[in-house]
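Please treat every number below as a calculation from the coordinates, not as lab data. What you see is a predicted model, and the numbers here were worked out from it, not measured in a lab. Heads up, the Cβs are rebuilt from the backbone with ideal geometry, glycines too, and the neighbour counts pull from every protein chain shown.
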Amino acid sequence: MIDEDQVKHIASLARLKVSDDEIGKLSKDLSAVLDYVKELNKVDVSDVSPTLNASSSENVFRDDDEPDKQDAELAKKLIDSAPENEDGYIKVKSIL
């Protein structure tokens, strides 16, 4: 179990202010997390191949589609309603 001094040290490393009331709860919570990690380390994963991502499909991206006519008309209306626009873009002041 993580003692109060360790909790205070961890809090100082993380630059967190913790009250004396919170130290006891954090000690229990951090100990529970570390106990769970110990349990996970017991699991045999020697037959499991490494995973690059959680998705099982090869292509996780959708095909590019041309916007439909209604979307294009709405975009044009929005751009035209801006105070200033140029070449199909909304013109804004530069921010430096």
Spatially close lysines, pair count over the chain: Cα under 23 Å, gap of eight or more or interchain: 14
Degrees between helix 4-13 axis and first principal axis of the chain (Cα, 0 to 90, nearest 10): 30
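Exposed loop sites here are trypsin sites (Lys or Arg not before Pro) in DSSP loop states with at most 15 other C-beta atoms within 10 Å. What is the longest stretch of the chain lacking them?
Of all site-free stretches, the longest is 63-90.
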Rounded tilt (10° steps) of 20-41 against the dominant C-alpha axis of the chain: 90
Convex hull projection area averaged over all views, the chain, Cα basis, nm²: 15.2
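Enumerate by residue number the GluC sites (Glu not before Pro) in segment 14-96 meeting two conditions: DSSP loop (anything except H, G, I, E, B), and at most 14 other Cβ atoms within 10 Å of the site's Cβ. Provide the component values of the computation, followed by the final result.
On the way: sites: 22, 39, 58, 73, 84, 86; in loops: 58, 84.
Sparse-neighbourhood loop GluC sites (Glu not before Pro): 58, 84.
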